[in-house]
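Sharing a structure below in structure tokens format, with a few things to ask.
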2 protein chains.
Amino acid sequence: MIQRIVIIGTGLIGASTGLALRAAKFTGTIAGFDASGTELAAALENGAIDTVLHSRAETITACESASVVILAVPVLAILDWMHLLAPVLKPGQLITDVGSTKLQITDAATRLFAGVQAATFLPGHPMAGKESGGAALAEATLFHNAMWLCTPPTEREPSAIEQEWRSWIAKFGARTLDLEAAHHDELCAWVSHLPQMLSTALAALLEDTFGNDPARRAEIDAIGGRALREMTRLGASPYSMWRDVALSNTDPVAATLLALEQRLQHIRENLKTPELREEFLLANKFRERR
Amino acid sequence: MIQRIVIIGTGLIGASTGLALRAAKFTGTIAGFDASGTELAAALENGAIDTVLHSRAETITACESASVVILAVPVLAILDWMHLLAPVLKPGQLITDVGSTKLQITDAATRLFAGVQAATFLPGHPMAGKESGGAALAEATLFHNAMWLCTPPTEREPSAIEQEWRSWIAKFGARTLDLEAAHHDELCAWVSHLPQMLSTALAALLEDTFGNDPARRAEIDAIGGRALREMTRLGASPYSMWRDVALSNTDPVAATLLALEQRLQHIRENLKTPELREEFLLANKFRERR
């Protein structure tokens, strides 16, 4: 039975996981660590965690006796923590993560958490979030109706504690879906990383074009409506998180970006031809089924 | 005093204008014409119009005695109606439109509605809409808090009836803003036409990539969240309307598309460099002020 949980990284996803556990009647302890004292204090104040861990050393010690360790930091930091914790954790313990890309993490898990002497590592990725992060925006309902993707190494049986953790995910209102890690990263490049880079590109382009001219900027602000707001919303996303996505999923993201560049060029070259109609009909078809 | 209004094109914008007039206590008659009998019947049924005009000939006759004629059809059809109605309308009457691009319409107005023998033409563009059109989706509140852009030819005084029509726009809850026509079209390329083409391109690309493979398509549907939904929402927009935008604002739209293609290429080539950080910071700055 899961009794002690350590959450490493008490930002939006980490703190929301703590709140979701409490909303689902988890009665054990939840200790938290974050590199930012502000995030940690906010998570403690809103009840996402009940114990503050003050250093990496203290966190590693707490993990030794934890039932579940949740890594809720950006991808490269997850890889760092995996290396720190692999020598410390033992069979019967579960370590899981919430990183946006899964291939590097799953490969590392196969190496670091292998054999009968190792804890179980479950690579996870809840498809939930907001364009702004931080424990202050955390919500117990963040995972309600969300997909919680998992990319477990194929060669192992799910341990009892992994099964118990999956039942908590279900209690958060999320559904788990298991995917092969490389396939996960390719799919997420399309549905998440490409929309992010696109929104960032559009917002950056508009800032470059209008940001330095107050009069033109005011016109854009006055005229721009829902379309502009929606298409640039993700432009508020922090580099700190997306840097790691770009670094750990470079080729799939580059491939989707190139495909979109070519598509935009095709539209640009066909603004006055019937080809434009074909593009609109394809797009209509995509939306009809949503 | 405005007593008789003819709305040509009783789709989303035309029918919403009728409903907004009624909600603002307009007590005169509102006659409507549409090439689609379905749209016309829907507009009559929801009270957007009170009289149905059954043919172009009947519509032209009704316009002869109208106070205000509203052209609420796509841009090229607006230009057609301007040519049909210019010989028929007289001083004291107002003809206005709701077209998405304004340069060609304003140029035509300067030629067709010039001199003391002519009716007043007010080129207009309410910044309101939905990704799906039709009278059935019309709402009296569609223009609430919206900008209603106008591009009147600069060399004329606003007539009394134009001023009265502007007061009705204010009663709809919208604010008018006068712009020079070419400047309007350039701004709208950035805030409206580029987001539309982008959303269409992304949705069309996803349909091409996943639409023919039910298993992959199901994965995209399961995993895609708010980001994908928002970024492809405008993909549902109809070609019939956007064809005329592309044809009547080709150069500004092409220029914004090219700029975005280059921006995406820049991001693609810098997924692993600190340049990516600059793009995120610019995008963050754009969003901070919204």
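A short reminder: the numbers here are calculations on the coordinates, not readings from a lab. Here the structure is a predicted model, which means the values were calculated and not measured. Cβ sites come from the backbone with ideal geometry, for glycine too, and all protein chains shown count toward neighbours.
In Å, the Kirkwood hydrodynamic radius of region B:1-79 over pairs of distinct alpha carbons?
12.1
Okay, next question. How far, in nm to one decimal, is B:Pro214 from itself in the other copies if the label point is set 7 angstrom along Cα toward Cβ? Shortest first, please.
For B:Pro214, the inter-copy label distances come out at 6.1 nm.
Now, a different point. Under the √(5λ) rule applied to the eigenvalues of the Cα gyration tensor, what semi-axes describe the equivalent ellipsoid of the protein assembly as shown? Give them in Å, descending.
Whole-Å semi-axes of the equivalent ellipsoid: 55, 22, 21.
Follow-up. In degrees, nearest 10, range 0 to 90: what is the angle between the Cα axis of helix B:12-23 and the longest Cα principal axis of chain B?
Here the helix axis deviates by roughly 50 degrees.
Now, a different point. Where the label is 7 Å out from Cα toward Cβ, how close does A:Glu288 come to the same position in every other copy, in nm, shortest first?
Once sorted, the set of distances for A:Glu288 reads 4.5 nm.
Rule-of-thumb check for region A:74-148: C-alpha Rg over 2.2 N^0.38 Å?
Taking the Cα Rg and dividing by 2.2 N^0.38 Å, one obtains 1.23.
Also, quick follow-up: In nm², what is the average projected area of the convex hull enclosing the Cα atoms of region A:183-288?
Projected over every direction and averaged, the Cα hull of region A:183-288 covers 8.6 nm².
Rank-order A:146-159, B:68-81, B:154-167 by packing density, defined as the average count of other C-beta atoms within 10 Å over each peptide's residues, highest first.
B:68-81, A:146-159, B:154-167
In a solvent-free Debye calculation with one equal scatterer on each Cα, what is log10 I(q)/I(0) for region A:98-202 at q = 0.15, 0.19, 0.21, 0.24 Å⁻¹, listed in the order of the q values?
Those come out to -0.71, -1.06, -1.20, -1.36, one per q.
Return the single residue from B:Pro126, B:Pro252, B:Pro238 with maximal mean-square fluctuation; model: Gaussian network over chain B, springs between Cα atoms under 10 Å.
Of the options given, B:Pro238 has the highest mean-square fluctuation.
Out of A:Leu112, A:Leu276, A:Leu198, any idea which swings most in a Gaussian network model of chain A, alpha carbons joined below 10 Å?
Of A:Leu112, A:Leu276, A:Leu198, the most mobile in the Gaussian network model is A:Leu276.
For a 26 Å ceiling on Cα separation, which of these pairs sit above it: A:Lys285/B:Lys130; A:Lys272/B:Lys272; A:Lys272/B:Lys285; B:Lys102/B:Lys171?
Violating the 26 Å limit, Cα to Cα: A:Lys272/B:Lys272; A:Lys272/B:Lys285.
Per the Debye formula with a single identical scatterer at each Cα and no solvent contribution, what log10 I(q)/I(0) holds for region A:4-179 at q = 0.09, 0.10, 0.16 Å⁻¹?
These q points yield log10 I(q)/I(0) values of -0.26, -0.32, -0.88.
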